[in-house]
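Engineer: Handing you this structure, nothing more for now.
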Amino acid sequence: MSRYAFLAAIVLATGIFIFDTLTPLNIAVAVLYVAVVLLSLNFTNRRGTLLVGAGCMGLTILSFAITHSADFEAGATARGLFSLAAIGVTTFLALRLASTITVIADSEQRYRSIFRAAGVAILEMDFSPLKARLEALRAEGFTSVAAIARERPDLVGEVTGLMRLINANDRTLTMFRAPTLAVFAQRLPSLIPPEIAPSTWRLLEAIWSEQSSFETESVFDTVDGKRLNVLYTVAMPTDRPALDRVLVSFMDVTARHQAENDLHQAQAELAHVSRVATLGELTVSIAHEVNQPLAGVVTNGEAGLRWLRRPEPDLAEVSAAIERMIADARRASEVIKRLRALASKAVPQAAPVDVNELVHDTLGVVQREIAGHQVSLKLALADGLPPALGDRVQLQQVLINLIVNAIQAMAATGTTQRDLTIRSRPTDTGLSVEITDTGPGFSSDAAAKLFTPFFTTKDEGMGMGLPICRSIVEAHGGNLRAHLLAEGGAAFEFNLPAHTETQL
Ligand code: ADP
């Protein structure tokens, strides 16, 4: 390109010079040199353009000298001066243009190198067909993306076909394990799994409401079939409403997700260990709870046998004994059922939980612990409590831990006034449960550490109960706090958000 421009400039300059020198016409032919100056932008730098401008002026003067050396004519001189001024002004403007071009080229170069070498995957995409499709739906009378989702749910499947890849940087190819840009462009539609539909609807919503950017976490597949967790951002410049150039960037957060999963797994394991430890503390109560009905089964079985072995068996007594045996066996199995969930390692499930009912169920597990330590139980459970959303077993673990702690605190001091109160009440956002005792409370020093892992004041304590309770409650979107009561004793209160139908 620059070579042709250089040749063209030489030919043009020569032609103008010959024509200017030989023409008998009274016109300012030399003005045409401005074209040579402009052409020079294509093959030289600023200094070169300045030289070309000066050269053209020189040729104009030379030509004037050749043709008008003998006679002086005012018109010709004016034309010559006019040409010189035009060439001068054009050279000046061309120099300004050249520096602007340099700045733009530099910035383009910088952008290109950032684009290519960025540690983040960046894609240049053309969303204009998608934008046009949404505008067509708007023209059809749709007023929101929610309405489109209801009436045209298939649109989400069309979206990939309505986006065009313009370019992608090297990081994109590494991230998606594509050997070349062409392979990536060809495979891109198949790398978008169907389960990202909800985030695609949100992207459509962002385009519909003309937002300038959109960010979400999602999953994508790589060319070699691996699953990636990515954080992707779509920058939609508001000065290009057709969305013909949109920047999409991807950050691979798979490792972070893995770490989070590992952490959850570790927390779940720890919670399980602590539940089993709590059950260990309750062994005596549990053994008694199960033993009693089992002893009943044996006694009633023996009685039944005696009634059967009489010379004249009393069948009515036998059947009464068998019925008592069945009732006892049912009681034992009830107790075991209640405990099995606590000892199990089940994955946490989210379901609506009636917290008052859960308190009653939990009391079944700790009943003997309460009675065994001469604790008097007061229940103040509010009517009309909204359900919480969460894992029953985990929430029960919180209740058991707080109740057992309260009982242990009161038992440790030997006070005779041992009141355990469990209160539930609705709050603005959901519900709260408070467990208070009349124990010794805790020192201000201990107050700061209560929820710190391994903080314990008990000889056999593990110090994991309260931290686990707090992490369970927080994972349910609530919070757990402790405070001292003015009349003595401690209170532990947790809040949980109410479950609404749309959450599940
Ligand atoms: P652990 O019961 O194994 O000590 P926790 O995390 O459940 O572990 O409790 C940590 C500490 O918090 C206890 O050792 C005790 O000092 C204090 N604590 C917990 N509950 C109460 C309570 N109801 N009254 C007074 N102190 C309490």
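The values are calculated or read from the model by the stated rules, or taken from the named source; none is laboratory data. Please read these numbers as outputs of a predicted model, since none were measured by experiment. No Cβ is skipped: glycine too gets one built from the backbone with ideal geometry, and neighbour counts run over all protein chains shown. Calculation scope for accessible area: heavy atoms of the full protein, side chains included, ligands and nucleic acids excluded. Shrake-Rupley method; radii C 1.70, N 1.55, O 1.52, S 1.80 Å.
Engineer: Percent of alpha carbon pairs in region 179-251 separated by more than 21 Å?
Structural biologist: Value for region 179-251: 31 percent of Cα pairs lie more than 21 Å apart.
Engineer: While we're on this one: For region 259-409, what mean projected area does the convex hull of the alpha carbons give, in nm²?
Structural biologist: Spelled out: convex hull of the Cα atoms, projected over all directions, averaged, 12.2 nm².
Engineer: Ignoring ligands, DNA and RNA, what percent of the 1.4 Å accessible area of region 410-504 is carbon and sulfur?
Structural biologist: Carbon with sulfur: 52 percent of the solvent-accessible area.
Engineer: Still on this structure, please answer the following. Could I have the simple spin-label model distance between Asp221 and Ile336, label points 7 Å from Cα toward Cβ, reported in nm to one decimal?
Structural biologist: Between Asp221 and Ile336, the simple spin-label model gives 4.7 nm.
Engineer: Could you give the length gained on full extension between Ser213 and Thr457, defined as 0.36 nm per residue of separation minus the Cα-Cα distance, in nm?
Structural biologist: 82.6 nm
Engineer: Among the aspartates and glutamates, which fall within straight-line cross-link reach of Lys458, defined as a Cα-Cα distance under 16 Å, with same-chain neighbours fewer than 8 residues apart omitted?
Structural biologist: Glu281, Asp445
Engineer: Mind checking which lysines have their C-alpha under 17 Å from Lys337, skipping anything on the same chain fewer than 8 residues away?
Structural biologist: Within reach: Lys345.
Engineer: If you don't mind, another one. Any idea how far apart Ala74 and Ala329 come out in nm if each label point goes 7 Å out from Cα toward Cβ?
Structural biologist: Going from the Ala74 label point to the Ala329 one covers 13.5 nm.
Engineer: Taking 0.36 nm per intervening residue step and subtracting the Cα-Cα distance, what contour gain separates Met251 from Ile114 on full extension? Show your work: numbers first, answer last.
Structural biologist: Numbers: separation 137, 0.36 × 137 = 49.32 nm, distance 1.55 nm.
Difference between extended and current length: 47.8 nm.
Engineer: At 0.36 nm per residue, and after removing the present C-alpha to C-alpha distance, how many nm does the segment from Glu195 to Ile10 gain when stretched out fully?
Structural biologist: 60.2 nm
Engineer: Determine Rg/Rh for region 34-143; Rg is computed over alpha-carbon atoms and Rh is the Kirkwood hydrodynamic estimate from the same atoms.
Structural biologist: Ratio of gyration radius to Kirkwood radius for region 34-143: 1.37.
Engineer: Kirkwood Rh over alpha-carbon pairs of region 203-325, then Stokes-Einstein at 4 °C and 1.567 mPa s: what D in µm² s⁻¹, rounded to an integer?
Structural biologist: Value of D from the Cα-based Kirkwood radius: 60 µm²/s.
Engineer: Turning to a different aspect of this structure: Which FRET efficiency value, to the nearest 0.05, do you get for Leu181 and Arg96 by plugging their Cβ-Cβ distance into 1/(1 + (r/R0)^6) with R0 = 41 Å?
Structural biologist: 0.65
Engineer: Can I ask one more? Run lengths n ≥ 4 of DSSP H only: what is the helix-derived mean residue ellipticity at 222 nm for the chain, with -39500 (n - 2.57) per run over all residues, to the nearest 500? Numbers along the way, then the final one.
Structural biologist: Values: 17 runs with 285 residues, N = 504.
After summing the helix terms and dividing by the residues of the chain, the value is -19000 deg cm²/dmol.
Engineer: Could you order Val31, Val89 by accessible surface area, starting with the largest, using a probe radius of 1.4 Å?
Structural biologist: Val89, Val31
Engineer: Can you tell me the orientation of helix 2-22 relative to the chain, as the angle in degrees between its alpha-carbon axis and the longest Cα principal axis, to the nearest 10?
Structural biologist: 30 degrees
Engineer: So what is the accessible area of the chain per residue, in Å², with the probe set to 1.4 Å?
Structural biologist: On the way: 27730 Å² over 504 residues.
Accessible area per residue, the chain: 55 Å².
Engineer: Tell me the angle of helix 128-139 to the major Cα principal axis of the chain, expressed in degrees between 0 and 90 and rounded to the nearest ten.
Structural biologist: 70 degrees
Engineer: What are the equivalent ellipsoid semi-axes of region 397-457, built from the alpha-carbon gyration tensor (square roots of five times its eigenvalues), in whole angstrom, biggest first?
Structural biologist: Equivalent ellipsoid of region 397-457: 22, 17, 11 Å, largest first.
Engineer: Mind checking region 291-359 for trypsin sites (Lys or Arg not before Pro) that DSSP puts in a loop (not H, G, I, E or B) and that have at most 12 other Cβ atoms within 10 Å?
Structural biologist: Answer in residue order: Lys345.
Engineer: I would also like to ask the following. Per residue, what volume in Å³ does the Cα convex hull of region 322-444 take up?
Structural biologist: Values: hull volume 19.0 nm³, N = 123.
Per-residue hull volume (Cα only) is 155 Å³.
Engineer: According to the Cα gyration tensor, what semi-axes, each the square root of 5 times an eigenvalue, does the equivalent ellipsoid of region 423-504 have, listed from largest to smallest in whole Å?
Structural biologist: They are 26, 17, 9 Å, listed from largest to smallest.
Engineer: Counting each pair of different Cα atoms once, what's the Kirkwood radius of region 115-211 in Å, rounded to one decimal?
Structural biologist: 14.7 Å
Engineer: What percentages, rounded to whole numbers, describe P(r) for region 334-404 computed over all alpha carbon pairs with 5 Å bin width beginning at zero?
Structural biologist: Cα pair-distance distribution for region 334-404, in percent: 3, 14, 25, 26, 18, 10, 4, 0.
Engineer: What share of Cα pairs, in percent, lie more than 30 angstrom apart in the chain?
Structural biologist: Beyond 30 Å sits 71 percent of the P(r) for the chain.
Engineer: Using a 1.4 Å probe on the protein chains only, how many percent of the accessible area of region 1-99 belongs to carbon and sulfur?
Structural biologist: That fraction is 74 percent.
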